[in-house]
Amino acid sequence: MTIDTDSPMRLPITRRSVLDPPPELAELRQRCPVAPLTYVDGHIGWLVTSYELARAVLQDNRFSSRPELRHSAVHLVLGDGQPPEEDVPGMFVGMDPPEHTRYRKLLTGELNVRRMRQLEPQIAETANMLVDQMRATGTEADLVPAFASPLPSLVICDLLGIPYAEWQTIRPVSERMLRTDSSAEEVKDCFAKIFEFLAEVVQRKKREPEDDLVSGLIALDELSDVEITAIAFQLFTAGHETTANMLALGTYTLLTHPDQLAALRADLDLTEGAVEELLRYLTVIQFGISRAALEDVELAGTTIRAGQTVTVSLPAANRDPARFTDPDVLDIRRPATGNVAFGFGVHQCVAQQLARAEMRIGFRTLFQRLPDLRLAVPAEEVPMRDGAIVYGVTALPVTW
Ligand code: HEM
């Protein structure tokens, strides 16, 4: 394969094998790690594929996260996860420093070690409860609705202090918002409904504070109700798909790599390293993340003009042989720390410790309590989420 890197191309999105990013990305990383890219609306920007340059862009404040300045590299209703055309105070995911810094600091203060320690037994309890349910209903299940999807949702409910029964009323709306085939109008409508739901939660916590993140943010007395609602909204939406897909796709990956799974089963203390390696190897934010240049920036000899969008391919960066030896091999014993599955720089995933805990506890519970867990269908029959912003499986039939 030889890509013509003199003329702009579309973002390569077609995989040739289910667990590897499109092979064009490897060629680009080797020959042209800053390559011209055509965006959906015809805008010409850039695609960055090497580990070193990915981190350089993501830690450089001359590149902005503001959604109104960026162009979309793939044709999806949700763009890259931003709510459509809403200008709501507190939506810090789409802000730059110093506005972003203020919200981020207040939120990290609340996602502290104490709260994480408090959540871990709850995560274990939830994971065990879900496995109990699986075992009670037979010896076969689709792991997505039975385990991978509810676990992160229940954890976010615990974090925000939302009763699970209440969450179930809003769940269909949240699912509709995240579907890539929902229309822009539908997405907007879902956005409004979830926002209203969370605004009510905030009002209730103001009246009856509890030991949860929303009550903690209220107690700071630094944020308006809308800002707190917006923060809750971002946690609510960003925390589900990513972790759910890592859990399901991670399980698929281990079940299809018997040597790695045997090593993990023999020594569950390897789980922490396995989680890091799965994050690197699978990099579920498969189309990468984008930034807009606020001024002309030189990047490895290429001038990025002010106003141009740069897409950073996280999967390509995490398979860079200059950073990870034999990057296309899954090796749960390798030191995979430093990978960019959670991004890098000021926007690096604010809840990464929580996500790691969910995966560590989730995989441990599954493989410990279902020692004979295996696929219930041939691996090639497992349906993949090809066009989705967050890669994964749409169903995972398993038996034990
Ligand atoms: C395996 C699971 C996860 C992955 C792979 C993941 C990935 C990412 C990535 C790549 C970013 C950076 C986006 C950017 O730079 O534009 C990010 C940011 C973020 N993530 Fe996660 N995430 C995960 C889990 C979670 C969870 C569980 C939550 C919430 C409970 C969460 C909430 C957020 C928020 C709020 C941001 C925005 C941070 C900011 O802009 O400062 N994520 N995540």
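Tabulated data for the structure shown
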item: Segment 253-271 residues that are open to solvent by 10 Å² or more (accessible area, probe 1.4 Å), paired with ones that are aromatic (Phe, Trp, Tyr) (beta carbon under 6 Å, 6 or more apart); result: Arg265/Phe367
item: Selection within segment 183-219 - hydroxyl-bearing (Ser, Thr, Tyr) and either over 19 Å from Ile389 (Cα atoms) or assigned to a helix (DSSP H, G or I) (or both); result: Ser215
item: Flag if Ala336 is touching a residue at least 60 places away in the same chain (Cβ under 8 Å) and either more than 16 Å from the ligand (Cβ to nearest atom) or under 29 Å from Ile156 (Cα atoms) (or both); result: yes
item: Qualifying residue in segment 243-251 (condition: without any contact (Cβ under 8 Å) to a residue 60 or more places away in the chain and part of a helix (DSSP H, G or I)); result: no
item: The lone exception for Glu200 - which of (1) farther than 30 Å from Glu272 by Cβ; (2) within 16 Å of the ligand (Cβ to nearest atom) it fails; result: (2)
item: Residue within segment 359-371 that is near the ligand (Cβ under 10 Å from one of its atoms) and either crowded, with 19+ Cβ neighbours inside 10 Å or among the β-branched types (Val, Ile, Thr) (or both) present; result: yes
item: Members of segment 64-84 that are modelled with pLDDT under 50, farther than 16 Å from Ile231 by Cβ and not hydrophobic (A, V, I, L, M, F, W, C); result: Gly79, Asp80, Pro84
item: Lone qualifier among Leu247, Leu261, Leu254 - being more than 10 Å from the ligand (Cβ to nearest atom) and within 21 Å of the chain's Cα centre (by Cα); result: Leu254
item: Residues of segment 221-244 satisfying the condition of being touching a helix residue (DSSP H, G or I) at 6+ places or on another chain (Cβ under 9 Å), among the hydroxyl-bearing types (Ser, Thr, Tyr) and more than 8 Å from the ligand (Cβ to nearest atom); result: Thr229, Thr237
item: Answer residue from segment 160-182, given it is part of a loop (DSSP other than H, G, I, E, B) and open to solvent by less than 70 Å² (accessible area, probe 1.4 Å) and is nearest to Ile389 (Cα to Cα) among those; result: Thr180
item: Residue list for segment 105-114, restricted to those being buried (at least 17 other Cβ atoms within 10 Å of the Cβ) and assigned to a helix (DSSP H, G or I); result: Leu106, Leu107, Glu110
item: Extreme residue, farthest from Glu241 (Cα to Cα), among residues of segment 283-304 that are surrounded by fewer than 18 Cβ atoms within 10 Å (Cβ to Cβ) and in contact with a helix residue (DSSP H, G or I) (Cβ under 9 Å, 6 or more places away or on another chain); result: Ala300
item: Residues that are more than 16 Å from the ligand (Cβ to nearest atom), touching a Lys or Arg at 6+ places or on another chain (Cβ under 7 Å) and within 16 Å of Gly307 (Cα to Cα), drawn from segment 35-69; result: Thr38
item: Lone qualifier among Ala230, Ala238 - being within 21 Å of Gly343 (Cβ to Cβ) and open to solvent by less than 10 Å² (accessible area, probe 1.4 Å); result: Ala230
item: Failed item, numbered, when Leu223 is tested on (1) part of a loop (DSSP other than H, G, I, E, B); (2) of a type in the set (A, V, I, L, M, F, W, C); (3) in contact with a strand residue (DSSP E or B) (Cβ under 9 Å, 6 or more places away or on another chain); result: (3)
item: Some residue of segment 136-154 being without any contact (Cβ under 8 Å) to a residue 60 or more places away in the chain, of a type in the set (A, V, I, L, M, F, W, C) and within 15 Å of the ligand (Cβ to nearest atom); result: yes
item: Residues within segment 357-400 that are farther than 25 Å from Gly239 by Cα, in contact with a Pro (Cβ under 9 Å, 6 or more places away or on another chain) and among the β-branched types (Val, Ile, Thr), tallied; result: 1
item: Residues (surrounded by fewer than 24 Cβ atoms within 10 Å (Cβ to Cβ) and hydrophobic (A, V, I, L, M, F, W, C)) located in segment 47-59; result: Leu53, Ala56, Leu58
item: Residue in segment 276-296 that is away from the ligand (no atom under 16 Å from the Cβ) and either free of Cβ contacts under 8 Å to residues at least 12 places away in the same chain or not small (Gly, Ala, Ser) (or both) present; result: yes
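The values are calculated or read from the model by the stated rules, or taken from the named source; none is laboratory data. Source: prediction; values computed, not measured. When we count neighbours, we look across all protein chains shown, and the Cβ atoms used for this are built from the backbone with ideal geometry, even at glycine. Just the protein is used for accessible areas: all its heavy atoms, side chains included, with ligands, DNA and RNA removed. Shrake-Rupley method; radii C 1.70, N 1.55, O 1.52, S 1.80 Å.
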